[in-house]
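Reviewing the structure listed below.
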Amino acid sequence: MGHSVAQWTSAILAQMPRGFLWQRAKSSDLYKYAQGYAPRLERAEASADLLQLEMRPESTTQLLPDWEEYLGLPECSIGSSSSIEYRRYAVVEKYHRKGGLQAWNIQKLAADLGFTVEVDEIFPHHCLRSCTYPLWEQKYRYIVRITVYGIPGAYMTCLDDVLTPLLTSDAGFLECTLQRYKLAGFYYEFDYVG
């Protein structure tokens, strides 16, 4: 809560010495001098109050570029700059990242970035699995299927015109970020469901 100009003027005058030359009447030059500095102090205090919101990545707006520089973001530059919302999601996610590359953690990473995904690992069949478990070829052993919901038309199709991008920027951002943190030797297969 900020102080008013009158309160700051009184605070400045309280710091001045007392005496015949230091008159505190509202018509005196000393009062006008103190009243001239008070708006600066009021603005500085209001700016300091706003700075409290910038201390956490969840609520930052003005210091977002500083947070990105501190965390080494953007990790994936896709086309033009992303919206502030997605940039903030990326900052919050990386700031609170714990690590690990299990399917649930990949799903959490995407959720922290603002995407809804489902991750399926493909395991080989063996004698301890049920009879209904699918028989996958060996090449699928190192593929993780990621189903992304809520991004319709992520890929260009043969029915689109030449101005349609090959991959939308949201889908490209998600793919680039997840590819950056995948296990060596594994591959991601993305499936977009509108």
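The values are calculated or read from the model by the stated rules, or taken from the named source; none is laboratory data. Model, not experiment: these values are computed from the prediction. Backbone-built Cβ (ideal geometry, glycine too); neighbour counts: all protein chains shown.
Within region 105-139, which residues are within 20 Å of Ala184 (Cβ to Cβ), aromatic (Phe, Trp, Tyr) and surrounded by 13 or more Cβ atoms within 10 Å (Cβ to Cβ)?
The answer is none; no residue qualifies.
Looking only at residues in region 177-194 that are surrounded by fewer than 13 Cβ atoms within 10 Å (Cβ to Cβ) and of a type in the set (D, E, K, R), which one is nearest to Asn105 (Cα to Cα)?
Here the residue is Arg180.
Report yes if Tyr89 is outside any loop (DSSP other than H, G, I, E, B) and either modelled with pLDDT under 85 or buried (at least 17 other Cβ atoms within 10 Å of the Cβ) (or both), otherwise no.
Yes: the conditions hold for Tyr89.
Any residue at all in region 84-97 that is touching a helix residue (DSSP H, G or I) at 6+ places or on another chain (Cβ under 6 Å), touching a residue at least 12 places away in the same chain (Cβ under 8 Å), under 30 Å from Ile122 (Cα atoms) and not assigned by TED's automatic domain parsing to the domain that holds Arg145?
Yes - at least one qualifying residue is present in region 84-97.
When you scan region 37-51, do you find a residue that is in contact (Cβ under 8 Å) with a residue 40 or more places away in the chain and closer than 30 Å to Thr177 by Cα, even just one?
no
Please find, within region 1-42, the residue that is nearest to the chain's Cα centre (by Cα) out of those that are within 30 Å of Arg88 (Cβ to Cβ) and surrounded by 12 or more Cβ atoms within 10 Å (Cβ to Cβ).
Looking at residues that are within 30 Å of Arg88 (Cβ to Cβ) and surrounded by 12 or more Cβ atoms within 10 Å (Cβ to Cβ), I get Gly2.
Show the residue pairs meeting these rules: Cβ distance below 8 Å; 6+ apart or different chains; first residue within region 6-31 and in a helix (DSSP H, G or I); second residue surrounded by fewer than 10 Cβ atoms within 10 Å (Cβ to Cβ).
Once the first residue is in a helix (DSSP H, G or I) and sits in region 6-31, its partners that are surrounded by fewer than 10 Cβ atoms within 10 Å (Cβ to Cβ) give Tyr31/Ala25.
Sort out which residues of region 59-84 are aliphatic (A, V, I, L, M) and either surrounded by fewer than 17 Cβ atoms within 10 Å (Cβ to Cβ) or modelled with pLDDT of 80 or more (or both), and write them in order of number.
Correct list: Leu63, Leu64, Leu71, Leu73, Ile84.
Could you give every pair whose Cβ atoms fall below 7 Å, whose first residue belongs to region 118-131 and is touching a residue at least 12 places away in the same chain (Cβ under 8 Å), and whose second residue is part of a strand (DSSP E or B), counting only separations of at least 6 or pairs across chains?
Glu118/Thr147; Val119/Val144; Val119/Ile146; Asp120/Arg145; Glu121/Val144; Ile122/Ile143; Ile122/Arg145
Looking at Thr177, Thr157 in this structure, which one is free of Cβ contacts under 8 Å to residues at least 60 places away in the same chain, hydroxyl-bearing (Ser, Thr, Tyr) and either assigned to a loop (DSSP other than H, G, I, E, B) or under 22 Å from Ala103 (Cα atoms) (or both)?
Thr157
Please find, within region 140-176, the residue that is farthest from Ala111 (Cα to Cα) out of those that are modelled with pLDDT of 85 or more and surrounded by 18 or more Cβ atoms within 10 Å (Cβ to Cβ).
Of everything passing the filter in region 140-176, Val144 is farthest from Ala111 (Cα to Cα).
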